[in-house]
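Here is the structure we will look at, set down as structure tokens.
The values are calculated or read from the model by the stated rules, or taken from the named source; none is laboratory data. In this text, all values refer to a predicted model and were calculated from it rather than measured experimentally. A quick note on method: Cβ atoms are made from the backbone with ideal geometry, for glycine too, and the neighbour counts reach across all protein chains shown. Remember, those area values only see protein heavy atoms, side chains included, never the ligands or the DNA or RNA. Shrake-Rupley method; radii C 1.70, N 1.55, O 1.52, S 1.80 Å.
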Amino acid sequence: MAATDTGRELLGEERRELVLRWLGAEGKVRASDLALRLRVSLDTVRRDLQELADAGLLRRVHGGALPPSPPGPDSFVERLPDDVAAKAAVAQAAVALIRPGEVIAISGGTTTLEFARRLPDDLDATVIATNPHIAAALADHPRLTVDVIGGRLHPAARTVTGPEAVDALRRVRPDVCVLSACSLHPQAGMTLRHREEALVVRAMVENAGRLLSVTTAGKLGSAGPYPVAGIGRIDTLVTDAPDAEVQVYRDLGIDVVKA
């Protein structure tokens, strides 16, 4: 068993709690480092990591572990019926942060779709959309100008991808970028499942004045394979997560707005 600095041996549950704490703080853990820090064998660490992975609390990779995989199905269409009330609450809270006259870049996502649907009828602004569902939701808005980015449609993400989309976004300096990534982690930042989509969202973020992350509670603490924005780039997190789960983001200097 692992030993504390006072010499007391740690129980398996205590070891695994430490592993999760370090993973949350550092964004990844290596099995060899854990064996040294916990003062146990590599086989013991591997068993602990596997047990945590089986419980869905982390993701095993060669040599160690990463935060859990993004929750929910891979497809935009399949995600539409998930957490509808939470998405609506987060979207409504985010709308209150938008100022008249702004250029608003909106990433693809089911939460940003809810955000678009709630933009008030008296809002004068310009919206840049990469998701055809979002563009369609805004088509009849009486006062918005909607610029739709062109490119190849990604069938699962339902956003445009490719060099044309990236180039178009790099020629714009939006006042605010509203992001609905698949995951948000205090070390890994905002991440997505799909490489092609991530390239487009990175270009959207590049020149944006401020970044709003609209993220439901279930997406916090997980991480996908493709980063789109470092944690220090995010200005505001809008979420329905409880205070205990968002304090780490406040500690990093992010303004947290509770839905």
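Of all lysines in the structure, those lying under 26 Å Cα to Cα from LYS258, and not within fewer than 8 positions of it along the same chain, are LYS87, LYS219. Extension gain for the segment GLU17 to ASP54, taken as residue separation times 0.36 nm less the Cα-Cα distance, is 11.8 nm to one decimal. Note that the range 154-162 has calculated 3J(HN,Hα) couplings of 7, x, 8, 6, 6, 10, 6, 9, x Hz, one per residue in order, obtained from phi through the Karplus relation 6.51 cos²θ - 1.76 cosθ + 1.60 (θ = phi - 60°); glycine and proline are x.
The packing ranking of peptides 10-19, 243-252, highest mean first, is 10-19, 243-252, where packing means the average number of other beta carbon atoms within 10 angstrom of each residue. How large, in percent, is the carbon and sulfur part of the accessible surface of the chain at a probe radius of 1.4 Å? Within the chain, the accessible surface is 50 percent carbon and sulfur. Protection proxy ranking of 169-177, 90-98, 102-110, by the mean of other Cβ atoms within 10 Å over each peptide's residues and highest first, is 102-110, 90-98, 169-177. Rounded to 0.05, the FRET efficiency of the ALA156 and LEU97 pair, given R0 = 25 Å and the Cβ-Cβ distance, is 0.30. Computed from the Kirkwood radius of its Cα pairs, the Stokes-Einstein diffusion coefficient for the range 121-206 at 10 °C and 1.306 mPa s stands at 116 µm²/s. Whole-Hz Karplus values for the range 226-235 come out as 10, x, 10, 7, x, 4, x, 7, 7, 8 Hz, taken residue by residue from phi with 6.51 cos²θ - 1.76 cosθ + 1.60 and θ = phi - 60°; glycine and proline positions read x. Shape analysis of the range 40-199 based on the Cα gyration tensor places the equivalent ellipsoid semi-axes at 35, 17, 14 Å, largest first. Note that the chain presents 46 Å² accessible area per residue, ligands and nucleic acids not counted, probe 1.4 Å. Taking Cβ atoms as reference points and 11 Å as the exclusive limit, the residues near HIS185 contribute a net charge of +1, counting Lys and Arg as +1 and Asp and Glu as -1. You can think of it this way: the chain between ARG118 and SER75 has 13.2 nm of extra reach, that is 0.36 nm per residue less the Cα-Cα gap. Among residues other than ARG250 with Cβ under 15 Å from its Cβ, the summed charge is -4 (Lys and Arg +1, Asp and Glu -1). Summarising the label geometry, the points placed 7 Å from Cα in the beta-carbon direction at ASP43 and THR145 lie 6.9 nm from one another. Label separation (ARG173 vs ASP243): 4.0 nm, computed from points 7 Å beyond Cα along the C-beta direction. Take each peptide in 178-190, 56-68, count the other Cβ atoms within 10 Å of every residue, and average; sorted highest first, the result is 178-190, 56-68.
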